[in-house]
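The values are calculated or read from the model by the stated rules, or taken from the named source; none is laboratory data. None of the values given here were measured: they were computed from a predicted structure. Cβ atoms come from the backbone with ideal geometry, glycine included; neighbour counts cover every protein chain shown. Calculation scope for accessible area: heavy atoms of the full protein, side chains included, ligands and nucleic acids excluded. Shrake-Rupley method; radii C 1.70, N 1.55, O 1.52, S 1.80 Å.
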Amino acid sequence: MQTIKKLIARQILDAVNAEHPDAGLTEEEIASALEYPPDPGMGDLAFPCFRLSRALRRSPVQIAAALAEKLGGGCVGAARAVGGYLNFTISEGYLGDKVVPEILAAGDRYGAQTFGKGKTVVLDYSSPNVAKPFHIGHLGTTVIGHSLRRLHEFAGYRCIGINYLGDWGTQFGKLIVAYRLWGSREMVERGGIDTLVELYVRINNEIKGDPEHGVPGNSELAEASRAEFHKLETGDEENLKLWRWFVDISLAEYQKTYRQLDIEFDSYLGESFYTDKMPAQIEILRQKHLLKTDDGAEIVDLSEYNMPPCLILKRDGSTLYPTRDIAAAVYRKEHYHFDKAIYVTSAQQCLHFAQWFKVVELMGYPWYNELVHVPYGTVSLNGEKLATRTGNVVLLRDLFALAIDKVKAIMKEKNTGAENIEETAEAVGVGAVVFYYLSNNRMKDINFVMEDALSFDGNTGPYVQYTYARACSVLSRAGWQPSGAPVRITCGEESALVKLLCRFGERVCAALDDYEPSYITRFILDVAAAFNRFYHNCPILSADDPAVRESRLAITEAARIVLGNAFDLICLKKTEKV
Ligand code: ARG
């Protein structure tokens, strides 16, 4: 599909080449220089002609004036030179004859790209730690990760979503001790993951104590936990059985949340899977003389790269988080032959990823530069930071449940006429949380305010889902079917809306370039605003002229398609009735 920038770039290039065939410019260079002016009075697109000054050996003002005379026709309505800029408007004929029919014909593929064809991306995201709470700090990795997956799929990549479960580590020693001391099979069967988390929190508190209030810690429990984990590591049947059970219970619980979000993973191979794959990597590190002994531990010195050393083996011979990540990356490369491996975690892990990426490079793996870390900022709830090890955490599940309840109450109060309140409230409640979260650049720290997320009037999920439902309702009341009738643009609201719609493909590319789902969220808000302006100011069903009515219905359908495609990219459900 041709983007509007490419079409205009083509015209500029043809005009330049007609006089300067040896200018050596490419369509891509010109397209990437085209800008959307902040003030629509200056046109729909602008080209800064100083970009051509060197190649054409003329001043930007001269170039703009010369080009303005030559350009026009096709998608260009008018081209005007303003100083060193060439300002364009997009022609209404093009919007009606080309853009709208193109959207209707492409349907759920409108905006899709092909540059990922034949390439594989592995995405490692969500990855909660079993037995520890799946809390709102995981919202980022879960929804940013999944959105990046959808974006890559939309660009043609084969995507492998991996949930690298934190299913191994000393926490299992603690959990086994706590379970034997205070738990029972019935209790865990009844309480599920909540009971596991309670047990885990309880033993942590006992081990730590509360020195400020004179409560001593318990080193015996700490010692017992280490011993039980050691037994687990050395294959003790009893402990292995408990461990598997704890993992299964946790996974079943996470899957409820994933279902609400429409998220599926291709693999749940967690940390435990890589235990026997680490020695081979440690051997390579040793052979390449990359390991150094430091106070009994084995490290890779990274001082040359201004980073603290990467810890590979602890003093007691146990391996560490980076070692496991290296082994997992090697396995994934061999198994999936990825062209890119993306890891989505909080920004607190930036150093960890920078370190082991560097180690992979030093080990001589040629694919080290295919590893991408995508970090994101912290989440707090009404200003309160969310700790993990204490009981003071907000679970993702509870956050969604709260949102769903509140939406249900609003729907009942508003008497919105939705048929299936339960289903709609879930789609809107979960969507509100996701949309609110993805509205900001991912690195921004977010303070979650539920009332703001749920407002039907603000720039929220409920508002955009409501807009989508509104478009559906207009179309269904009209009993609209595609007729191929010509689409005419008759007013400013229509042209503003369609101009926005045709930028979708570019937004998709930009979101992929910067790993930024928020570009899609903001695009949705722009489309929703433009659609609502069109809806309020231009009679659709009651238009006097049947041709205008038909055109407006086609534009409504085009807006519905683009909104829906964009919703799919950020895990927002398409609600036909709200
Ligand atoms: N389980 C880790 C955590 O919750 C995240 C894992 C991220 N992925 C990775 N390959 N290190 O902090």
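In the stretch 110-138, how many are away from the ligand (no atom under 16 Å from the Cβ), out of contact with any Phe, Trp or Tyr (no Cβ under 6 Å at 6 or more places or on another chain) and touching a residue at least 60 places away in the same chain (Cβ under 8 Å)?
2
Cβ-Cβ below 6 Å, separation at least six or inter-chain, first residue in the stretch 364-376 and closer than 25 Å to residue 289 by Cβ and open to solvent by 50 Å² or more (accessible area, probe 1.4 Å), second modelled with pLDDT under 95 and in a strand (DSSP E or B): which pairs?
Every condition considered, no pair remains.
Of everything in the stretch 226-254, what is polar (S, T, N, Q) and at pLDDT below 95? Give them in sequence order.
The answer is 234, 250.
Residue-wise test of (1) part of a helix (DSSP H, G or I); (2) surrounded by 14 or more Cβ atoms within 10 Å (Cβ to Cβ); (3) of a type in the set (D, E, K, R).
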site	(1), (2), (3)
150	yes, yes, yes
153	yes, yes, yes
164	no, yes, no
172	yes, yes, no
177	yes, yes, no
190	yes, no, yes
194	yes, yes, yes
203	yes, yes, no
206	yes, yes, yes
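Which of the residues spanning the stretch 298-313 are open to solvent by 50 Å² or more (accessible area, probe 1.4 Å) and touching a helix residue (DSSP H, G or I) at 6+ places or on another chain (Cβ under 9 Å)?
305, 308, 309, 311 - these are the residues of the stretch 298-313 that are open to solvent by 50 Å² or more (accessible area, probe 1.4 Å) and touching a helix residue (DSSP H, G or I) at 6+ places or on another chain (Cβ under 9 Å).
With (1) crowded, with 17+ Cβ neighbours inside 10 Å; (2) away from the ligand (no atom under 16 Å from the Cβ); (3) of a type outside the set (A, V, I, L, M) as the list, and residue 316 as the residue in question, which single condition is left unmet?
All conditions are met except number (1).
Looking at the stretch 1-43 only, could you name the residues that are within 32 Å of the chain's Cα centre (by Cα), open to solvent by 60 Å² or more (accessible area, probe 1.4 Å) and of a type in the set (A, V, I, L, M, F, W, C)?
Hit for the stretch 1-43 is 1, nothing else.
Criterion first (at pLDDT 95 or above, more than 10 Å from the ligand (Cβ to nearest atom) and closer than 25 Å to residue 268 by Cβ) does residue 368 satisfy it?
In short, no.
So residue 142 ticks every box in (1) open to solvent by 10 Å² or more (accessible area, probe 1.4 Å); (2) in a helix (DSSP H, G or I); (3) within 14 Å of the ligand (Cβ to nearest atom) but one. Which box is left unticked?
Unmet condition: (1).
Any residue that is more than 25 Å from residue 555 (Cα to Cα) and in contact with a Ser or Thr (Cβ under 9 Å, 6 or more places away or on another chain) - is there at least one of those in the stretch 84-95?
There is at least one residue in the stretch 84-95 that is more than 25 Å from residue 555 (Cα to Cα) and in contact with a Ser or Thr (Cβ under 9 Å, 6 or more places away or on another chain).
Show the residue pairs that are 6+ apart or on different chains and have beta-carbon atoms under 6 Å apart, the first residue being within the stretch 159-171 and polar (S, T, N, Q), the second being open to solvent by 10 Å² or more (accessible area, probe 1.4 Å) and near the ligand (Cβ under 8 Å from one of its atoms).
163/127
From (1) crowded, with 20+ Cβ neighbours inside 10 Å; (2) closer than 14 Å to residue 372 by Cα; (3) more than 13 Å from the ligand (Cβ to nearest atom), pick out the condition that doesn't hold for residue 339.
(1)
Does residue 200 satisfy the condition of being within 30 Å of residue 150 (Cα to Cα) and either at pLDDT below 95 or not hydrophobic (A, V, I, L, M, F, W, C) (or both)?
When the stated conditions are applied, residue 200 does not pass them.
What's the number of the only condition in (1) part of a strand (DSSP E or B); (2) over 25 Å from residue 489 (Cα atoms); (3) open to solvent by less than 30 Å² (accessible area, probe 1.4 Å); (4) among the small types (Gly, Ala, Ser) that residue 81 fails to meet?
(3)
Would you check if residue 264 is surrounded by fewer than 17 Cβ atoms within 10 Å (Cβ to Cβ) and either over 30 Å from residue 428 (Cα atoms) or free of Cβ contacts under 8 Å to residues at least 12 places away in the same chain (or both)?
The answer is no for residue 264.
Let me spell it out: the conditions are (1) in contact (Cβ under 8 Å) with a residue 40 or more places away in the chain; (2) within 18 Å of residue 123 (Cβ to Cβ); (3) within 13 Å of the ligand (Cβ to nearest atom); (4) open to solvent by 30 Å² or more (accessible area, probe 1.4 Å), and residue 344 meets all of them except one. Which number is the exception?
Unmet for residue 344, out of (1) in contact (Cβ under 8 Å) with a residue 40 or more places away in the chain; (2) within 18 Å of residue 123 (Cβ to Cβ); (3) within 13 Å of the ligand (Cβ to nearest atom); (4) open to solvent by 30 Å² or more (accessible area, probe 1.4 Å): (4).
Scan the stretch 273-294 for residues that are of a type in the set (Asp, Glu) and surrounded by 12 or more Cβ atoms within 10 Å (Cβ to Cβ) and report the count.
Matching residues across the stretch 273-294 total 1.
Mind checking which residues of the stretch 437-465 are part of a helix (DSSP H, G or I) and open to solvent by less than 50 Å² (accessible area, probe 1.4 Å)?
437, 438, 450, 453, 454, 461, 462, 463, 464, 465
Give 477, 507 a once-over and let me know the one that is open to solvent by 10 Å² or more (accessible area, probe 1.4 Å), closer than 30 Å to residue 372 by Cβ and not acidic (Asp, Glu).
Exactly one residue qualifies, and that residue is 507.
Here is a list: 519, 468, 535. Which entry is of a type in the set (Phe, Trp, Tyr), open to solvent by 60 Å² or more (accessible area, probe 1.4 Å) and at pLDDT 95 or above?
The match here is 535.
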